[in-house]
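Student: Here it is, the structure in full.
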Amino acid sequence: MNQIALGDPSSWTVLDGQSVSAPFRRAAAFFSFGSDQTVREKFEITLSGSPAQVSAGLARLDQVILRAASYSNMAYFSPQYLRFQLEAGGDYYYAEISELYLEASPTSYITHRKGSFLVGLHYTRSNYFDGTQCELPLNGRGGTDQTGGFDLINHTDLTSNYGNYVTIKSVDSETDLPAPLRIELENTYASNKIKDIAIGSFHHPSVTDEKIFFAFATDMSGGTQYYNVNAINDYYRRVSWTSSAWTSLYNYPVPLTEVDDLDGRSFRPVLHLYNSHAFYGSLFQDQAYAWVIHFASL
């Protein structure tokens with residue numbers, strides 16, 4: 001660890017490492033790990049110097065505590081952060097901290113007069129660290145390793161550059177510590193709204209081909225196929241049935257090579273309807289109905 005500091009952009013107090021100054025001498029961090037949104041931790045901070053310097057250092061820590069409390073009451077402009085740097089010249093990492101308090105050693109009242117003081121700083125922090133914000137390159141029908149964003153449309157078909165998805169390579173999103181991800185979407189279609197956005201993790205270790213995720217009307221069997229330039233890939237299928245029992249409407253055989261790629265992994269199937277489905281007659285009155293996608297192994 002090259003440096004540990006507390007404070008906000010207007011004023012940083014270095015507790016350990018590069019640029020530390022009296023009375024702060026060193027700080028031992030006791031990091032916690034867990035799955036909650038926040039974690040509770042502490043530092044053991046050693047102050048060394050004249051009694052006046054030690055008192056000034058304690059006052060500086062009290063100021064950080066006061067600013068954190070004031071921010072929670074909307075009386076200070078910025079939260080307080082734990083900031084550290086792994087190596088000289090490297091990036092800084094930040095975590096917002098709150099609920100701070102100091103805990104003095106039982107013998108501190110004696111060592112204070114001798115110019116030494118050991119104090120514990122307890123705090124709660126968010127369970128991630130922010131680093132220097134950077135833009136991740138995007139991949140999809142709009143380009144490869146592209147920054148600055150690219151256009152998405154509401155369907156993917158065999159037309160070049162027509163895509164409704166974007167991916168980020170795992171090698172481009174690896175971090176030393178857990179970190180938040182901010183995604184920006186801009187609606188450029190003024191007559192409608194952005195909706196039905198799905199965000200997830202594509203967790204296959206090597207396969208990134210989009211083809212295993214799409215089956216078009218021309219790939220399926222069942223019903224009657226119709227041509228329409230406004231349909232995905234220019235075709236859609238329509239089916240009518242009268243049975244009140246479970247009925248197989250369409251069939252799409254997944255190629256064995258794709259089955260191997262999907263094996264043992266969880267995915268959410270999505271069915272796109274060209275028109276809103278409609279039911280006629282009395283067959284479905286006062287009855288529940290549902291669209292079900294059924295998977296069967298051979």
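Student: Can you list the HN-Hα couplings for the range 69-76, worked out from phi with the Karplus curve (6.51, -1.76, 1.60; θ = phi - 60°), rounded to whole Hz and with x for Gly and Pro?
Tutor: So the J values, rounded to whole Hz, are 5, 5, 5, 5, 9, 6, 10, 9.
Student: Express the Stokes-Einstein translational diffusion coefficient of the range 3-126 in µm² s⁻¹, to the nearest whole number, given a Kirkwood radius over alpha-carbon pairs, 37 °C and a viscosity of 0.692 mPa s.
Tutor: 220
Student: Then there's this: Rounded to whole Hz and in sequence order, give me ³J(HN,Hα) for the range 265-273 from the Karplus expression 6.51 cos²θ - 1.76 cosθ + 1.60, θ = phi - 60°, writing x for Gly and Pro.
Tutor: Computed from phi, the couplings for the range 265-273 are 10, 9, 9, 10, x, 10, 9, 9, 9 Hz.
Student: Now a separate question. If neighbour count is taken as other Cβ atoms inside 10 Å, put VAL54, VAL166 in order from fewest to most. The partial results should precede the final answer.
Tutor: Values: VAL54 24, VAL166 16.
Ascending number of Cβ neighbours within 10 Å: VAL166, VAL54.
Student: Okay, moving on. Using a Förster distance of 51 angstrom, determine the FRET efficiency expected from the C-beta separation of ASP130 and LEU271, and round it to 0.05.
Tutor: 0.85
Student: Another question, then. Tell me which GluC sites (Glu not before Pro) from the range 98-183 have a DSSP coil assignment and no more than 14 other beta carbons within 10 Å of their own.
Tutor: Details: sites: GLU99, GLU103, GLU135, GLU174; in loops: GLU135, GLU174.
Taking the range 98-183 and a limit of 14 other Cβ atoms within 10 Å, the loop GluC sites (Glu not before Pro) found are GLU135, GLU174.
Student: To make sure I understand, if each residue's beta carbon is the centre and we count other beta carbons within 10 Å, what order do ASP234, ASP16, ASP263 fall in, fewest to most? Show your work: numbers first, answer last.
Tutor: Working: ASP234 16, ASP16 20, ASP263 8.
In order of increasing Cβ crowding within 10 Å: ASP263, ASP234, ASP16.
Student: Would you look at the GNM of the chain, springs on alpha carbons closer than 10 Å, and say which of PRO269, PRO51, PRO180 moves the most?
Tutor: Looking only at PRO269, PRO51, PRO180, the biggest GNM fluctuation is shown by PRO269.
Student: Which whole-number percentage describes the relative contact order of the chain, with Cα contacts under 8 Å and a sequence gap of 6 or more?
Tutor: This gives 11 percent for the chain.
Student: Given that compact globular proteins tend to follow 2.2 N^0.38 Å, what is the ratio of the alpha-carbon Rg of the range 112-196 to that value?
Tutor: My calculation over the Cα atoms of the range 112-196 gives 1.84.
Student: Given 0.36 nm per residue, what is the gain on full extension from SER201 to SER160 after removing their alpha carbon distance, in nm?
Tutor: 12.3 nm
Student: Right, next: Based on the Kirkwood radius over alpha-carbon pairs, what value in µm²/s does the Stokes-Einstein equation return for the translational diffusion coefficient of the range 83-225 at 4 °C and 1.567 mPa s?
Tutor: This corresponds to a translational diffusion coefficient of 63 µm²/s.
Student: Most exposed first by the Cβ proxy, i.e. fewest other Cβ within 10 Å, how do ILE232, ILE194 rank? Walk me through the numbers before you get to the answer.
Tutor: On the way: ILE232 21, ILE194 12.
With the sparsest Cβ surroundings first, the list reads ILE194, ILE232.
Student: Turning to a different aspect of this structure: Return an integer: the convex hull volume of the alpha-carbon atoms of the range 202-246, in Å³ per residue.
Tutor: Details: hull volume 5.9 nm³, N = 45.
Hull volume over Cα atoms, normalised by residue count, gives 132 Å³.
Student: Another question, if that's okay. Mind checking which aspartates and glutamates have their Cα closer than 16 Å to the Cα of LYS195? Skip sequence neighbours fewer than 8 apart in that chain.
Tutor: Within the straight-line cut-off, LYS195 pairs with ASP151, GLU184, GLU186.
Student: Hey, another quick one. Over all alpha-carbon pairs in the chain, figure out the percentage whose distance exceeds 23 Å.
Tutor: Above the 23 Å cut-off, the chain has 71 percent of its Cα pairs.
Student: Once phi is turned into θ = phi - 60°, what whole-Hz ³J(HN,Hα) does the Karplus curve with 6.51, -1.76 and 1.60 give for every residue of the range 163-169, x standing for Gly and Pro?
Tutor: x, 10, 9, 9, 10, 10, 5
Student: Can you give me the orientation-averaged projected area of the convex hull built on the Cα atoms of the range 164-268, in nm²?
Tutor: 10.9
Taken together, the values in this text are just the output of simple stated rules run on the coordinates, not laboratory data. Quick caveat: nothing in here was measured; it's all calculated off a predicted structure. Positions of Cβ are generated from backbone atoms using ideal geometry, with glycine treated the same way; all protein chains shown enter the neighbour counts.
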